[in-house]
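See below for the structure under consideration.
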Amino acid sequence: MLNEAWQDQYQRMQRSLTRLQAGVEADAAEARDALYHFWQDAWHLRDWITAPPSPKYLEKETRQLFEDSVALGACRDIANGVKHLLLDRGKSWTESGEYAEVSGQSVVINMPRIEAVVNWSTGEILSNESVGDSSVRYSWTVRVNGADCDAVELAGQAVDDWNAWLTEKGLL
């Protein structure tokens with residue numbers, strides 16, 4: 001694929017994490033796109049690492065990595081859930097055996113405080129200014145192994161787990 005290697009997919013996953021972290025303050029559709037793309041990119045890194053001509057043993061070792069890592073096990077389930085809408089085939093690789101899923105979305109909207117000076121006898125607004133910034137911030141909950149986790153924190157842990165494994169294998 002365009003002469004790319006697994007390192008290109010690794011960098012794509014890193015960029016997806018950055019977009020997810022920044023996307024918590026984007027509009028709703030862009031924020032959710034960033035959420036879904038991260039899980040897919042983290043899961044697909046496994047395919048890029050195990051693709052030929054890679055040694056066959058990497059297939060088993062990366063499966064073990066996903067079974068041992070709560071965050072990466074959740075990546076697999078969420079990526080497949082986004083792809084197929086409903087997970088009803090196979091078994092989750094999470095410790096509980098239950099599919100991990102994005103189970104909630106929250107939004108916090110901060111509005112600036114408006115200070116106005118009004119002439120009470122005439123009702124005329126003499127000055128009007130906003131104090132503070134407005135912002136919209138999204139957050140998501142992922143249910144994995146029966147517990148709710150912050151999605152952005154879990155995504156960061158997934159990248160940390162990939163980094164540790166890649167470093168252990170001498171690939172980073």
*Using just the helices of the chain, give the 222 nm mean residue ellipticity in deg cm²/dmol: DSSP H runs with n ≥ 4 each add -39,500 (n - 2.57), and the total is spread over all residues, rounded to 500.*
-17000 deg cm²/dmol
*Take the alpha-carbon centre of the range 89-136, take the same for the range 1-73, and report the distance between them in whole Å.*
30
*With all protein chains present, calculate the accessible area of R15 using a 1.4 Å probe and round the result to the nearest 10 Å².*
110
*Portion, in percent, of the accessible area of the range 1-133 that falls on carbon or sulfur, probe 1.4 Å*: 51
*Most fluctuating residue of D77, D27, D41 in a GNM of the chain with Cα springs under 10 Å: which is it?*
D27
*With all protein chains present and a 1.4 Å probe, how do R12, R143 order by accessible area, largest first?*
R143, R12
*Hey, got the dipole for the range 1-148? About the Cα centre, +1 on K and R Cβ, -1 on D and E Cβ, debye to the nearest 20?*
520
*Which number comes out as Rg/Rh for the chain once both Rg and the Kirkwood Rh are worked out on C-alpha atoms?*
1.20
*Going by the alpha-carbon gyration tensor, a ≥ b ≥ c the square roots of its eigenvalues, is the range 1-71 rounded (a/c under 1.5) or, if a/c is not under 1.5, prolate (a/b greater than b/c) versus oblate?*
oblate
_Cα gyration tensor, the range 27-109 - rounded (a/c under 1.5), prolate or oblate_ = prolate
*Candidates V102, V144, V136: whichever shows maximal mean-square fluctuation once the chain is modelled as a Gaussian network with Cα springs under 10 Å*: V136
*Please give the per residue accessible area of the chain, computed with a probe of 1.4 Å over protein heavy atoms only, in Å².*
61
*Of A147, A158, A116, which has the largest mean-square fluctuation in a 10 Å C-alpha GNM of the chain?*
A116
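The values are calculated or read from the model by the stated rules, or taken from the named source; none is laboratory data. Treat the numbers as computed from the prediction; the structure is a model and nothing was measured. Virtual Cβ from ideal backbone geometry, glycine too; neighbours counted across all protein chains shown. The protein model used for the area step is the full one, side chains on, heavy atoms only, and it has no ligands, DNA or RNA in it. Shrake-Rupley method; radii C 1.70, N 1.55, O 1.52, S 1.80 Å.
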